[in-house]
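The values are calculated or read from the model by the stated rules, or taken from the named source; none is laboratory data. Owing to the predicted nature of the structure, the values given are computational and were not obtained by experimental measurement. Don't worry about glycine lacking a Cβ; one is built from the backbone with ideal geometry, like all the others, and counts go over all protein chains shown.
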């Protein structure tokens with residue numbers, strides 16, 4: 001069995017995290033049908049990227065393929081990551097997207113820090129509900 005030891009961990013959420021997404025071409029936000037900001041749900045995350053669901057088709061008719069600016073909150077800090085779509089799968093009324101963030105060391109550190117804080121809070125809340 002082959003394991004990707006160099007690949008970071010992936011954290012899945014029981015309840016998806018809400019996110020706001022902008023499409024960027026050459027660093028500029030572009031509109032799609034009168035909208036510039038789109039709603040999405042983050043299903044899982046690693047320090048290097050996310051899996052998200054959106055009803056918007058970000059790939060449709062765009063040449064070049066846009067980068068996505070994804071803004072979300074894991075615990076208390078607003079996190080903004082810019083990444084590229086590496087895969088897409090149809091799912092229900094929308095699509096699942098695999099997004100890999102551009103190399104941003106401070107972003108990776110912030111994601112890890114926020115996940116640690118969030119997980120500690122979840123464990124503490126679970127202990128309190130058991131008591």
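Residues in the stretch 1-41 that are over 19 Å from residue 101 (Cβ atoms) and modelled with pLDDT under 85: 1, 2, 3, 5, 30, 31, 32, 33, 34. For the stretch 63-89, filtering for residues that are over 20 Å from residue 120 (Cβ atoms) and out of contact with any strand residue (DSSP E or B) (no Cβ under 7 Å at 6 or more places or on another chain) leaves 1. Looking only at the stretch 48-64, which residues are closer than 20 Å to residue 18 by Cβ and assigned to a loop (DSSP other than H, G, I, E, B)? The answer is 55, 56, 57, 58. Against the condition farther than 24 Å from residue 9 by Cα, under 14 Å from the mean Cα position of the chain (by Cα), free of Cβ contacts under 8 Å to residues at least 24 places away in the same chain and not in a helix (DSSP H, G or I), how does residue 39 come out, does it pass? It is true that residue 39 is farther than 24 Å from residue 9 by Cα, under 14 Å from the mean Cα position of the chain (by Cα), free of Cβ contacts under 8 Å to residues at least 24 places away in the same chain and not in a helix (DSSP H, G or I). Scanning the stretch 61-79 for residues that are on the phi < 0 side of the Ramachandran plot and free of Cβ contacts under 8 Å to residues at least 12 places away in the same chain, we see that the one that is surrounded by the most Cβ atoms within 10 Å (Cβ to Cβ) is 78. Scanning the stretch 91-105 for residues that are loosely packed, with under 14 Cβ neighbours inside 10 Å and at pLDDT below 90 yields a total of 3.
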